[in-house]
Every structure is written in structure tokens, then in C-alpha cells.
Amino acid sequence: MSDSTIALNPFTPVYGPVSSWRYGRSLGIDPIGVVSTCSFNCVYCQLGEIEQKTSDRQVYVPTAEILTSLENFAPRSVDVITLSGSGEPTLAANLGEILTGIKRLSDRPTLVLTNGTTLNDPQVRSDLAIADKVSIKLDGVSSDQLRRVNRPVPGIDFNEIMAGLLEFRQDYQGEIGIQTMLLCPWDESTRREYISLMAAVAPREIQLNTPTRPKPVQRQFDGRENHTSRANRPYQVRSLRCVDPEILHEFAQEIQQKTGIMVRTAPIPATV
């Protein structure tokens with residue numbers, strides 16, 4: 001099977017390659033499955049509304065199914081293999097097995113995209129340690145922003161997320177990135193607090209984004225890949241307000257000047 005074709009199945013745990021402004025040509029691994037499952041229900045989520053909101057870990061897609069699909073796919077022309085897919089990948093209790101198996105089958109670096117809500121779990125931190133890169137979502141600096149933007153399941157607290165992130169940061173030997181979505185310009189106090197947090201975390205890179213992709217009104221399976229244009233979508237979507245590119249760029253410069261951390265901003269289409 002070529003790396004541009006995947007069997008026409010309602011669900012396959014391997015998909016793409018996906019073109020990513022952050023990581024290049026990325027092959028996706030979905031350890032969550034058909035039902036979108038996450039501890040967040042972000043207002044901008046490209047999957048649409050999350051169907052199963054939970055912070056419980058379990059095996060959603062068997063490790064053997066994922067690795068067989070990956071072996072058949074035989075990816076060779078990708079920059080990275082990314083665990084993301086249909087929700088929060090660290091909710092997969094077989095995360096460590098999946099990452100170990102990927103490393104047996106491919107020499108491509110592995111990346112996990114996570115919302116950070118499970119980083120206070122020692123087993124999750126141990127599993128993530130196998131990955132070459134971990135990118136952690138941080139869309140604000142307070143419980144109020146967490147509630148309004150990420151809409152977490154009950155029991156998730158911003159301070160606990162930060163504590164888990166900092167604990168993971170202490171021992172992790174790979175590359176840490178921080179992904180931050182801005183829905184509106186932040187005031188000076190919020191920017192100052194964010195810069196302070198980034199100085200403490202000291203990630204390899206910060207990626208500032210704004211929601212250029214419209215959000216499906218209901219859960220859509222193709223949301224885990226590159227979206228087609230709005231006109232070509234056979235389902236209803238809702239466009240979200242984007243932060244002006246100049247404001248995004250200025251904030252990136254401010255962060256980089258005050259922390260020395262490399263900051264990249266999302267390319268914003270001229271039509272946005």
C-alpha cells in the first residue's frame with residue numbers, strides 16, 4: 001500500500017500523511033478510535049463536538065491493530081509519526097506499547113500531541129518518555145480561561161495541569177513544545193503571566209495559533225486530517241474569529257525577546 005492510500009474503511013488507526021505547519025509531513029496514529037474521546041471539549045476543536053468526555057484511561061484501539069496498520073502502510077517519506085487522532089491520545093492505556101511498537105517498525109521520530117490533563121499520572125509520564133517529542137496544549141494562564149476555551153471535564157484544574165507539566169519537564173529527555181491557541185488578543189497581565197509560565201517550563205519551542213479552520217457543528221471523522229475548503233464540505237461548519245496576524249506576530253516577538261525560547265506563529269490564509 002502506498003503512503004497516499006489507505007483502505008476505505010470507516011476507521012483506520014493510521015491516516016495521512018497530513019501537512020502540518022508545525023511538524024512538516026506527518027503520519028497520523030489514532031489510538032482513540034471512531035468515537036471522539038477527550039478530557040477537553042475545546043470551543044475550536046477541529047473534530048467538532050467531543051462525543052465522549054472523560055479523563056479515564058482505557059484501551060480504545062488494540063495495539064496489534066495499530067501496528068499491523070502501520071506495518072502495511074510502510075511510511076518512508078514522512079517527517080514524523082504523530083499520535084493524536086480522535087481525541088486525547090494519553091487516555092489510551094496502551095500508549096506506551098504503541099510508541100514502543102512504532103519504534104520497532106519505523107526510524108521516524110515519534111510525536112504525541114496532548115492537552116496535558118493526564119501529566120500528573122506517573123504512568124502517563126512514563127509512557128510519554130518513550131516519545132521523541134511531546135507537544136502540550138496550553139491555551140491560557142488561569143482556571144477561567146481553561147473553563148471558557150477548553151471546557152474540561154469536572155475535576156480538571158489548571159494548577160494541577162501546570163504541576164503535572166512541570167513534573168514531566170524535569171525528567172523528560174526529548175523535545176517539548178507548547179501549543180497555544182489565541183481566540184482573542186490577551187491583555188498585558190495575561191501575556192505577562194504566560195511569559196512567566198513559559199520561562200518556568202522552558203520548552204524547545206512555542207507555537208502560537210489562531211482558529212483558521214472552521215469548526216464542524218457536529219463530530220466529523222475527517223477532522224483529524226487536513227480539512228478541505230469550506231465550500232467542499234458536505235456538513236455544516238462554524239467559522240471562529242481569528243487574532244490579527246500582526247498581533248500574533250508581536251506577541252511571539254515579545255515572548256522570544258523575554259525568554260529566549262523560539263516562537264512560531266501559524267500561517268494565516270489571506271481569506272481569513
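The set of residues from the stretch 70-100 being assigned to a loop (DSSP other than H, G, I, E, B) and farther than 18 Å from residue 115 by Cα comprises 74, 75, 76, 77, 78, 79. Given the conditions (1) over 16 Å from the mean Cα position of the chain (by Cα); (2) surrounded by 15 or more Cβ atoms within 10 Å (Cβ to Cβ), and given that residue 111 satisfies all but one, which numbered condition is not satisfied? Going through (1) over 16 Å from the mean Cα position of the chain (by Cα); (2) surrounded by 15 or more Cβ atoms within 10 Å (Cβ to Cβ) one by one, residue 111 breaks only (1). The one condition from (1) at pLDDT below 95; (2) in contact with a helix residue (DSSP H, G or I) (Cβ under 7 Å, 6 or more places away or on another chain) that residue 131 does not meet is (1).
For the stretch 49-66, a residue qualifies if it is open to solvent by 60 Å² or more (accessible area, probe 1.4 Å) and modelled with pLDDT under 95, and the qualifying residues are 49, 51.
To keep it simple, each residue is scored yes or no on (1) at pLDDT below 95; (2) surrounded by fewer than 17 Cβ atoms within 10 Å (Cβ to Cβ); (3) closer than 27 Å to residue 119 by Cα.
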| residue | (1), (2), (3) |
| --- | --- |
| 168 | no, no, yes |
| 180 | no, no, yes |
| 188 | no, yes, no |
| 209 | yes, no, yes |
| 217 | yes, yes, no |
| 252 | no, no, yes |
| 266 | yes, no, yes |
| 271 | yes, yes, no |
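For beta carbons closer than 7 Å, sequence separation of 6+ or different chains, a first residue in the stretch 121-149 that is farther than 18 Å from residue 195 by Cα and a second that is hydrophobic (A, V, I, L, M, F, W, C) and assigned to a helix (DSSP H, G or I), the qualifying pairs are 125/168; 127/95; 127/99; 128/168; 130/99; 131/99; 134/128. What is the number of the single condition among (1) closer than 17 Å to residue 207 by Cβ; (2) modelled with pLDDT under 95 that residue 107 does not meet? Result: residue 107 fails condition (1) only.
Annotation for the stretch 80-93: at least one member residue is open to solvent by less than 20 Å² (accessible area, probe 1.4 Å) and in contact with a Cys (Cβ under 7 Å, 6 or more places away or on another chain).
If I filter the stretch 46-65 for residues that are in a helix (DSSP H, G or I) and not β-branched (Val, Ile, Thr), do I get at least one hit?
yes
Do we have residue 128 as under 18 Å from the mean Cα position of the chain (by Cα), under 14 Å from residue 99 (Cα atoms) and not acidic (Asp, Glu) here? In short, yes. Go through the stretch 77-86 and give me each residue that's modelled with pLDDT of 95 or more and under 17 Å from residue 59 (Cβ atoms). The answer is 83, and nothing else.
The residues of the stretch 193-209 that are among the acidic types (Asp, Glu) and assigned to a strand (DSSP E or B) amount to a single one, 205. Would you call residue 164 under 26 Å from residue 11 (Cβ atoms) and assigned to a helix (DSSP H, G or I)? Judged against the criteria, residue 164 is not a match. Could you please let me know if residue 119 is open to solvent by less than 10 Å² (accessible area, probe 1.4 Å) and in contact with a Leu (Cβ under 8 Å, 6 or more places away or on another chain)? Answer is yes for this residue.
The values are calculated or read from the model by the stated rules, or taken from the named source; none is laboratory data. It should be emphasised that the depicted structure is a prediction, and the values quoted were computed from it without experimental measurement. Note: ideal-geometry Cβ built from the backbone for every residue, glycine included; neighbour counts use all protein chains shown. What goes into the accessible areas is simple: the full protein's heavy atoms, side chains included, and nothing from ligands, DNA or RNA. Shrake-Rupley method; radii C 1.70, N 1.55, O 1.52, S 1.80 Å.
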